[in-house]
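Notes to accompany the following structure.
The values are calculated or read from the model by the stated rules, or taken from the named source; none is laboratory data. Here the structure is a predicted model, which means the values were calculated and not measured. Counting neighbours? That spans all protein chains shown, and the Cβs are built from the backbone with ideal geometry, glycine included.
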Amino acid sequence: MTRELSDSRLTNHIAEGCGEILKGVRTSGLLRGRALGDAGDVLAQEWIARVLAQHRPEDGFLSEEATDNPARLKKDRVWIVDPLDGTKEFSTGRQDWAIHIALVINGIPEHAAVGMPDLGVTFKSSDVRAVTGPLSKRFVVSRNRPPAVAQYIAQEMGFETKGIGSAGAKAMHVLLGDFDGYIHSGGQYEWDQAAPVGVARAAGLHCSRLDGSPITFNNEDTFVPDLVICRPEIKDEVLEHAAAYAAAHGGY
């Protein structure tokens, strides 16, 4: 395979290949706990780096598991990845971990894949659409640190909230219709959001900051303070309540 492998296919192949690597590391049963999570992070990162060095050597690269190279800031094309999002979930046998692979072009994740190997599925921006139909009246939030703003919005809208693991898993469950939105505050990084946002946008979901401003990627500061991914028919109400919360509390 050379340059003839399209960006879309390469994105999808990397996510699927990472899934096979990580399942193999865990299925062996030879590692447990933190050692298992660390091995998964390192092996998946090394494989992705080698694949991109061979197939897209001129592109920029940003990963949770690699030292940041500022040269990416001068490139229009940058791969933003998290080889294993939800390391704790992965290492403790839970299913809500994910693989994030995104090719960001001029700040926008144009090609993205979120792999959820334990569910046997890879969500791809090249072939995805969100579930429509009746609302679930539920928001998904961080399992460890559910944000107060999400609780406020849910209460105002008569919704419930539920916490699960990986950011990618949360976003994909919105796409599947299990939840109507994913609301996050308290900070993430670009590798947490790029692939989920890319897939969610392609599926027709609304994606923005909590103040409604667009999310762009490949910034010098990779910290992103908040995020909302939701069904488009409720986005105005979600953002209105988020604004009311921020006005009352001096922020999110």
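Looking at segment 238-252, which of its residues are outside any helix (DSSP H, G or I) and either in contact with a Ser or Thr (Cβ under 8 Å, 6 or more places away or on another chain) or touching a residue at least 60 places away in the same chain (Cβ under 8 Å) (or both)?
Residues of segment 238-252 outside any helix (DSSP H, G or I): 250-252.
Scanning segment 238-252 gives a single hit, Tyr252.
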- [ ] Could you list, in sequence order, all residues of segment 103-140 that are among the basic types (Lys, Arg) and either modelled with pLDDT of 95 or more or farther than 23 Å from Ser6 by Cα (or both)?
- [x] Lys124, Lys137, Arg138
TODO: Quick one: Lys88 ticks every box in (1) part of a helix (DSSP H, G or I); (2) closer than 20 Å to Leu175 by Cβ except a single one, so which number is it?
DONE: (2)
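Answer with yes or no whether Leu103 is closer than 28 Å to Val140 by Cβ and either aliphatic (A, V, I, L, M) or assigned to a strand (DSSP E or B) (or both). Working first, answer last.
On the way: closer than 28 Å to Val140 by Cβ: yes; either aliphatic (A, V, I, L, M) or assigned to a strand (DSSP E or B) (or both): yes.
Criteria met by Leu103.
Give the residues of segment 54-72 that are surrounded by fewer than 15 Cβ atoms within 10 Å (Cβ to Cβ), part of a helix (DSSP H, G or I) and either in contact (Cβ under 8 Å) with a residue 12 or more places away in the chain or of a type in the set (A, V, I, L, M, F, W, C) (or both), sorted by residue number. Even if it seems obvious, please write down each step before you answer.
Of segment 54-72, the ones surrounded by fewer than 15 Cβ atoms within 10 Å (Cβ to Cβ) are 54, 57-58, 67-71.
Retained after the next criterion (residues that are part of a helix (DSSP H, G or I)): 54, 70-71.
The answer is Pro70, Ala71.
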- [ ] Kindly indicate which of Ala39, Ala44, Ala35 is surrounded by 11 or more Cβ atoms within 10 Å (Cβ to Cβ), more than 27 Å from Val104 (Cβ to Cβ) and under 22 Å from the mean Cα position of the chain (by Cα).
- [x] Ala39
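A quick yes/no check of all residues on (1) more than 20 Å from Glu89 (Cα to Cα); (2) surrounded by fewer than 24 Cβ atoms within 10 Å (Cβ to Cβ):
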residue	(1), (2)
His173	no, yes
Tyr182	no, no
Ala202	yes, yes
Thr222	yes, yes
